[in-house]
Structure formats: structure tokens, C-alpha cells
1. Using a Förster radius of 51 Å, what is the FRET efficiency between Tyr357 and Val90 based on their Cβ-Cβ separation? Nearest 0.05, please.
2. Using the Cα atoms of the range 126-255, I'd like the radius of gyration and the largest Cα-Cα distance, Dmax, both in angstrom.
3. Compute the accessible area per residue over the chain, keeping the other protein chains in place, probe 1.4 Å, unit Å².
4. Taking Cα centroids, how far is the range 50-74 from the range 364-399 in Å?
5. Once phi is turned into θ = phi - 60°, what whole-Hz ³J(HN,Hα) does the Karplus curve with 6.51, -1.76 and 1.60 give for every residue of the range 360-371, x standing for Gly and Pro?
6. If I model a spin label as a point 7 Å beyond the Cα along the Cα-Cβ vector, how far apart are those points for Gln56 and Ile391 in nm?
7. Starting from one equal scatterer on each C-alpha and no solvent at all, send me the Debye-based log10 I(q)/I(0) for the range 40-103 at q = 0.25 Å⁻¹, two decimals.
8. Provide Rg and Dmax in Å for the range 183-291, with only Cα atoms included in the calculation.
Amino acid sequence: MSSTFWLTNARLESGFETEQGVVTGTRTELFHLLIQDGIIAKIIPSSEVIHDGLPQKDAKQMLILPSFIEKHCHLDKTLLGDRWRAVTPVRSIFERLEIEKKTLPAVETPTKQRAEKLLDIYQRSGVTHVRTHVDIYPEMGLKNLETVKEALHTFEGKLSHEIVAFPQHGLFASKDLLREALRQGASFIGGVDPATVDGDIESSLQLMVELAVEGNAGIDLHLHDPDHLGVFTMKRLAQLTKEAGLQGKVSVSHAYALGDITLAQAEAMAEILADAGISIITSVPIDRKFPPVGLLDQKGVSVSVACDNIFDVWSPFGNGDILERAGRLAEVSGWVDERALAKTLSYITGGRTPLNYQGEQVWPRVGDEASLVVVEASCSAEAVARRSKRIATMFREKL
């Protein structure tokens with residue numbers, strides 16, 4: 001396809017419909033979008049005739065939404081494409097880690113092939129950016145990193161990515177490998193349960209921050225530790241983040257503790273996290289409490305919804321459909337009205353929504369990156385609630 005073309009008859013949201021001050025629906029209109037050099041260069045009403053002779057691609061009056069972001073996956077762990085296997089029950093995270101160590105190296109289907117299968121599912125579901133964690137530990141070395149980079153290279157020009165060097169089996173034993181992983185393309189230092197896995201909250205967090213500063217990287221910490229243990233860990237991470245000047249570069253994945261405490265305590269924690277520029281990433285589990293997404297968002301904390309495990313030794317579930325996961329968030333949160341459902345989209349798009357909460361059209365704008373998804377739905381709210389069919393994904397003009 002030419003680097004300059006028109007996406008015609010594209011349905012865009014233009015405002016909320018109201019009756020007596022109550023939002024009752026979403027208004028849409030048809031437009032033509034000029035796509036040029038990876039950006040949206042012009043937006044005109046569909047009633048205007050195009051005379052410039054440039055190629056045209058007909059959106060057939062289907063809804064156009066900002067493309068999706070998968071903020072937490074494990075491309076090296078998925079068992080997609082290999083034989084079916086359920087998950088073996090365990091009594092501790094350490095038993096699970098040992099099972100994983102034995103299982104993954106013995107899987108017949110190559111890691112690259114399995115990773116590419118998941119990336120294909122993501123792309124077809126509307127995802128144009130992924131953040132993947134890659135296991136780094138002494139027995140494996142940097143092999144997973146090298147293989148995942150190869151899989152991502154297969155999708156070059158189709159989606160963008162970030163890599164987290166993830167010390168699944170403990171931070172201390174892998175610190176030299178983590179340094180090398182940053183030199184070889186990882187842009188985040190990972191971590192997991194400093195109290196439980198590393199056995200030393202302070203030393204673990206200090207090392208994470210040291211490696212991030214040294215490697216000009218961010219931090220993405222898996223934190224499953226519950227209640228006040230998890231809260232204490234996040235408070236200390238917030239202090240270290242500010243001291244190191246890492247505001248805006250640190251994330252906490254899962255952060256179950258924020259769902260274990262009272263709303264008043266969660267509100268206080270939200271203020272601490274917002275002040276430190278720490279974002280929260282949740283997979284919206286249905287088997288335990290998770291962070292109060294709406295509250296965190298209101299307090300200025302950046303929140304993302306992610307799929308996480310897609311058929312691996314941790315979970316036999318998951319299909320890689322990030323829109324479905326957003327719909328789950330709305331469902332378990334009781335967000336059933338038009339405005340709330342539309343807002344839910346922001347948690348899988350990096351904050352981009354066609355309408356802001358006041359109903360003003362804010363996406364797309366001229367100059368925005370031409371990364372979008374064509375959806376068989378009347379509006380964002382319907383797309384979220386009904387997990388509507390994705391027709392096509394565009395990444396920086398490539399359809």
C-alpha cells in the first residue's frame with residue numbers, strides 16, 4: 001500500500017447523546033482520513049469529494065478506534081501451538097517456578113514459533129504495542145531474550161514493543177545477566193515479590209533502582225504480596241523512585257495489595273503512587289481482589305489493563321484478546337452506562353479515547369499516529385461491552 005492514501009467512510013465518535021442531562025448514547029459521523037507517512041494528515045467529512053487521485057481504502061462505515069496496547073505479556077512462556085496441558089496445582093510460588101524451569105526447556109515447539117503465534121493473535125485483536133517480560137536466570141542465560149527479539153523482529157513494521165528483563169527466579173543471582181540484558185535491548189528491569197522471592201525488600205528494591213539508573217531503564221515489578229506487605233513494598237519503591245529521579249518510568253504489575261486494603265487506605269496509596277509517577281498494570285483477575293482501577297485513575301495514577309498469562313504453566317486460560325479483558329474490567333466493576341463503558345477503553349489504549357469524559361471529540365486529531373483498529377460496532381461503549389469483532393488493525397499506516 002502507498003505511504004499516502006485515504007481511509008474513506010470511517011465512522012468516528014463525535015459526542016454523547018443526552019436526554020435531560022443523562023447520557024443515552026454516542027453520536028457518530030462519517031469521515032475520510034488522509035494517511036501520510038505514518039500519521040493522520042487530514043480529516044474531512046465524508047460528504048466532501050476527494051479529487052487528488054490518491055489511493056483509497058474503504059472502511060465501509062465501520063467504527064475506527066485507537067489501537068490497543070498490551071502492557072504485560074510473557075512471549076517466552078506461552079505454550080500456544082504446542083500440545084494441550086492443564087496446570088499442575090502447587091502450594092507455593094517456588095513450586096511453580098521449579099515446574100516452569102523443567103517444563104519450558106522440554107517443550108517441543110520452539111519458543112520463537114510460540115511467541116510469534118501469540119503476537120499474531122495480539123495483532124489481529126487490535127494490538128499495535130506490546131510490553132513483554134522475558135525470563136533471565138543463570139540456567140537460561142540470555143537465550144530467551146535472544147529468541148524473543150527474533151520473534152519481535154518478525155513483526156517489525158507491524159507493531160512496536162518494550163522488553164522487560166525479568167528475574168523470575170530471584171533478582172540477586174541474575175544481576176550481571178540483567179545488566180547484559182539491558183545492553184542487548186531490554187528497556188526495563190523486572191522484579192518479583194521482593195519480600196517473598198528475594199527475601200529482602202530493601203536490598204531487592206535498591207538493586208532494582210541501581211540497575212535501572214545504571215542502564216537508563218525503567219522498572220516493572222511483579223507484586224503479588226498481599227495486604228500491608230505489598231503496601232509497604234510499594235511505599236518504599238515510591239520513595240526510591242523519587243530519590244533516583246525515575247518518576248514516570250516505574251510500573252507495578254498486579255499490585256494485589258491495593259485491592260486488599262480499605263478504600264481510604266487505597267486512596268492514600270494512590271496519592272503516593274501518583275506523586276512518584278508509578279503506574280499500575282492489572283490483568284483483572286476473577287479469582288482474587290485487584291486494584292481499584294477507577295479510584296486510582298481519579299487520583300492521577302496511570303492504569304493499564306493487560307492479559308498477562310496466555311496458556312502457560314501458570315494458567316490454562318487466556319486468549320490474547322485485550323478488548324475482552326477490558327470488558328471484564330467493566331463487568332466486574334459495575335460500569336454499565338455509556339460514559340463509563342467508553343472510558344474503559346482508555347485502559348487498553350494508553351489513555352486515548354475518541355471522546356473525553358465530557359463528551360468532547362479528542363481522537364483522532366490531525367498529526368496523530370495512524371495506529372488504529374477497525375471494529376464492527378456502533379461506538380466504544382458497545383465495543384467494550386460486547387467485545388466486538390475486529391476487522392483490521394493499522395500500525396503507522398500499515399494495514
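1. Numbers: r = 43 Å, r/R0 = 0.84.
The value I calculate is 0.75.
2. Computed over the Cα atoms of the range 126-255, radius of gyration and Dmax are 14.4, 44 Å.
3. Working: 16830 Å² over 399 residues.
Spelled out: the 1.4 Å probe surface of the chain, per residue, equals 42 Å².
4. With the range 50-74 and the range 364-399 each reduced to a Cα centre, they are spaced 6 Å.
5. 8, 6, 10, 8, x, 10, 4, x, 5, 4, 7, 10
6. 1.5
7. -1.27
8. Taking only Cα atoms of the range 183-291, I get Rg and Dmax of 13.2, 43 Å.
The values are calculated or read from the model by the stated rules, or taken from the named source; none is laboratory data. Predicted model, so just to flag it, every value in this text is computed and none were measured. Positions of Cβ are generated from backbone atoms using ideal geometry, with glycine treated the same way; all protein chains shown enter the neighbour counts. Side chains are part of the model used for accessible areas, which takes the heavy atoms of the whole protein and leaves out ligands, DNA and RNA. Shrake-Rupley method; radii C 1.70, N 1.55, O 1.52, S 1.80 Å.
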